[in-house]
Amino acid sequence: MLDRTRESEVTKWRQNEHAECPFPMKPSQTHPFWRAAALCFLSSVALASVTFVCFRLHDLPAAAALLYMVIIVLVSLQGRLIPAIFASFVAVFCLDYFFIVKPVFRIA
């Protein structure tokens, strides 16, 4: 429970909307989100470029899968779980849609 002085600061801040917030969000709290978002974006760009090159060269699905795995490993080495999972899902969908003859996932 908040002590009396902190409660009074909060009530003063709520009454005066233009006052500075007594509990500002620290930059370290927002930094992990933007880093994860940037990793998701960069992994998507890397997977799209690998897909484009392998598709234009009529490469085998095994070669594309190996290159996808390299990208996923590089993303996971950054220490974030969500971008690595995102990259693996994007790689699975790209591999299935562009390289597999009878795709499992169909876009209607």
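None of the figures in this text is laboratory data; all of them are computed from the coordinates on show. Predicted model, so just to flag it, every value in this text is computed and none were measured.
Seen from every direction in turn and averaged, the convex hull around the alpha carbons of segment 28-99 projects onto 4.3 nm². Between Asp96 and Leu42, full extension at 0.36 nm per residue minus the direct alpha carbon distance yields a gain of 17.4 nm. 3J(HN,Hα) along segment 71-78, derived from phi through the Karplus expression 6.51 cos²θ - 1.76 cosθ + 1.60 where θ = phi - 60°, amounts to 5, 5, 5, 5, 5, 5, 5, 6 Hz, with x in place of Gly and Pro.
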